[in-house]
Every structure is written in C-alpha cells, then in structure tokens.
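Some notes on the structure that comes next.
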Amino acid sequence: MQPENHGGELEHLQQFLKRLEAELGAHKYQNWFAQKTRVTLSTDELAFVCGSSYLAGWLQKQYSALVRRIVSELWGGHIRVTWSHDDQFTLLPAKAAAPTAAPRSVARMSQDIESPSKSNSPRRGRELQSFVQGPCNLLAYSGVQQLLRGHGHSLYLYSGVGNGKSHLLDAVSQQIRRDDSRKQVLSLSAEGFSNYFTQALDSRTIASFRQRFRNVDVLVMDDIDFLDGKKGIQEEFLNTLRRLESRQGQLIVAGDRHPNLLTRTSPEIISRLTSGLVCRIESPDVATRRLIVEGLRTTLEVDMANEVVEFVAGRFRENVRELEGAMNTLQNWALASGRRVTPSVAREVLVHLERDCMRVVRLSDVEQAICQTFGLTSEEIRSDKRTRTATQPRMLAMFLARRLTGTAYSEIGQFFGGRNHSTVVSAERRIQDLVSKRSSVRIGTSEWTIEELVESLERQIMVG
C-alpha cells in the first residue's frame, strides 16, 4: 500500500497502516493491500484507490468493517472511508515507494504542465476519436469541438458518474497540446488542486504554488464539486480563475451536477463556471450503448455472439462504466474458459455482477442528499417548519425515500420528524403531480424543474 504524504497527516496514516497490517496479518496485508492500493488521509476522509473496480468492490466487501473499526478506535467517528478505482493506477515495485519521495496527489490527473516532448503520449483510450457520440452527449461533444476551434473561453460538463466526462477532459487536454505545443495546459482534479494547496501551506511554498497554477493557458479540472463547502481552497481557486481570465486563458471543468446546484460554492466562482458553455451528459441511450459495447468487443477481442451485444446493451443502462465492467467480466470468462461467450453464458456470468453491484439505500442516505443539495440540516428537515424552504425539501425526501428504499409509509414518516402515514402519502402524490406538470423549484438563485432535480438526487443517492 502506498501512503500519500499530506503534511501532518502522514504520521496518522502510518499509524493506521500498521494497525491494519497487525489486524490482518502480514500475509493477507501483502496479498491484498501492499502495492495494490493507494491511500490518502485528510481531515475527514480515509480514501482507498485501487487499479480496478472489481478489486475496490471486493476489498470493500471483505474489509470495510475492519477498516471502520480501526478508524473509529484511532480517530472517532468523524472520518469517513471511501473505496474507488482509477484506471490509470499503476502498481509500483516496493523499492519505488521511498518515504522521502515528493508528495503526489492521489486524485485522477492526466499530466501536469508538460514539455512538448511529452505531449504526444495521451492516456490509452482517452482520445476524441474513441469517444462514442450519441444523442446523450452530442451537446457536450459539440462544446468540446467549439472550444478546440477557439470559440469560447470556458466549458462546464456535468453528469452522473461513468458517462464520459473524464474521457472528454483528458481527450481535449491532449488535443490542445498537439494543436499548439507552446500552450501551457494543466489538467488535474479538484482534489489534486486541494492537495497541492495544502502541501504548499504546510511547506510554506505558496509563492511556488501560485506560480505553478496561475501561469497556464488552459486549466482543465475534473470533479469540481469536491470544492463545494471548502471556503479556503475556493478563495485560492477563485484567484486562479481571475489570473486565467487576465491571461485570456481557457477553463474546462467537469462536475456531477449543474454549477448552480453547488450550493456551498462562492457565487463568484459559480458565475464564472456558468459564463461559458454548460453542457449536460445524459446516461447513454440504447443505440449509444450498443455502439459502446461493439467497440469494447473489438478492443478487448472478446469472441461473443451478436446477441450478447444486444443483451449487455439492454441490461446495463446507467452509465458507460457498467458496460465496461460487464465486458471486462465476459472477457475474463472467455480467457479462463477458452470458450465463446453465448447469450446463456452472458446471463449466467453477469447475474452475479448485477447482484454484487446492488446498493442498499437507507433513509439516512436520502436525508443526507437532500440536506446537501438544499443547504439544510437534519434538524430542519425533521422540524415542524412550514416555510417553503423546508416543506419542499421534506416532501422530496419522503418521495425519494419511498421510491428508492420501499420502506413503509409509517416508518418514513417516523424518520422524518415523527409524521404520520398520510403525510408521506400526500408528499408522494404532491411530488408526482409536480413532476407531471413540469413544475420548478428554486435552489439558490436558479430555477430547476422537479423532474431534473429528482433525477440528479437519485444519481447522488445511488452513487453513495
């Protein structure tokens, strides 16, 4: 396991790793953690990053209870634990993990500011030519093309996870470098920006940090929602944006929701994010999913019947990563068995994948998503307040709780402030009526249709 150095957190992180190895034993620790995951510790999060979604899911299933217990014993219950994967994560030999190595962000990045000699080495598969276009992403793809032609100064892409935001960011970064090697292009995630800023504060190298981030021609940033609520880092990011504007540079950003739904982000930042093209990427439609699966069949060289392509495209509907996971699973089966993938084989193999990917949604998950979106507390959601700013979020919470958890009306009512069965039924009917009428709701300074808001909240809750 490669611990990341984040200033004063490194000592605590090493303490955790030693406890984990002691609990697991050296053999299991080496087999499943050493050099197979990367871990970071911040003030409120312990994050594990693996090289594949399968490994991340398996480790979470097997060891999350143990990890949470150790975290609770060491630091209490305020540290959350996350498990994720990064396709560009590379396993390093043990000798490469020197404790004195320069700190690096665990965040997903393409390349830092590079010399022209490195600009012709894009990440595998992250080219514009390999991006599958369809009605679901046509506006976003067109926005990228417009920016590459020099039309416009900023582009904001947003969608749920796994629908191609990062692919487009990486591809446009590489294309800009190829088109003009003189341009300074910096591509990273918002978490990476935060990590660099924190490290600069710890090492008293703020001047160097500002020179690095404020002398670029193109800034490409993924997962911008990571900055939501982080006021100190937002101020530094805003200063970076001002400098970028003064240089007439370009800004390309991606997040999981429209910038106006970043309710804890500075209005000055929001105004800059919405000043250019703002493009939504939908979940892929069946025709686009079919093209994606066909492309994966060719790339992975999987021997499968045409009916399997239709089956996978029809069964996995949420995002592109689901399709990739299904195809990787079928490829693995084909390699292990030496046989052709038939429709019956695909159904048998993939049913286990679907079962393992199911997420159990709790009432508290729904409440957390509503509170985060509307800037409310749990107490306000559960209170007897009759103001519109409290009743609308409360009705949405009850509606989503019933829709995503299937919990009894009475139990939902009890959770949200001791309300009765009929109150939840009424809230459910009220939201359904608002959706059918395409009514809108105000969040901050913007109006959103109830339908769009429900869809966005569902994605947040299901992702977790």
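Overview of results
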| item | result |
| --- | --- |
| Cα-centre dipole for segment 289-416 with unit charges at Cβ (Lys and Arg positive, Asp and Glu negative), debye to 20 | 400 debye |
| Student exercise, the chain dipole from Lys, Arg, Asp, Glu Cβ charges, in Debye to nearest 20 | 280 debye |
| Mean separation of Cα contacts under 8 Å, 6 or more apart, over the residue count of segment 116-280: relative contact order % | 32 percent |
| Theoretical ellipticity at 222 nm over the chain - DSSP helices of four or more residues, -39500 (n - 2.57) apiece, nearest 500 | -17000 deg cm²/dmol |
| Computed over the chain: relative contact order in percent, which uses C-alpha pairs under 8 Å that are six or more apart | 12 percent |
| Cα gyration tensor shape for segment 354-438, rounded if a/c is under 1.5, else prolate or oblate | rounded |
| Spatial separation of Cα centroids for segment 217-274 and segment 392-440, in angstrom | 34 Å |
| Overall form of the chain per C-alpha gyration tensor (a/c, 1.5; a/b vs b/c) | rounded |
| Residues Leu74 and Asn420, FRET efficiency given R0 of 51 Å [Cβ-Cβ distance, rounded to 0.05] | 0.75 |
| For segment 363-463, size of Cβ-based charge dipole, Lys and Arg +1, Asp and Glu -1, in debye | 340 debye |
| Positive-end residue, the chain charge dipole about Cα centroid, Cβ charges, pick of Gly295, Ser53, Gln146 | Gln146 |
| Entries in Lys385/Lys437; Lys36/Lys231; Lys36/Lys165; Lys165/Lys230 that, when Cα-Cα distance is taken, lie over 28 Å | Lys36/Lys231 |
| Cα-based shape type of segment 116-280, given that a ≥ b ≥ c are square roots of the gyration tensor eigenvalues and the cut on a/c is 1.5 | oblate |
| Within the chain, longest stretch free of exposed GluC sites (Glu not before Pro) [DSSP loop, at most 16 other beta carbons within 10 Å] | 128-300 |
| Asp202/Arg429 FRET efficiency (R0 45 Å; Cβ-Cβ; nearest 0.05) | 0.25 |
| For the chain, share of DSSP beta bridges that run antiparallel, in % to the nearest 5 | 25 percent |
| Two-site FRET efficiency, Ala336 against Ser130, from Cβ-Cβ distance with R₀ of 35 Å, rounded to 0.05 | 0.85 |
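Every number here is computed from the coordinates shown, using simple stated rules; none is lab data. Note that this is a predicted model, so its numbers are computed, not measured. All Cβ positions, glycine included, derive from the backbone under ideal geometry; neighbour counts span all protein chains shown.
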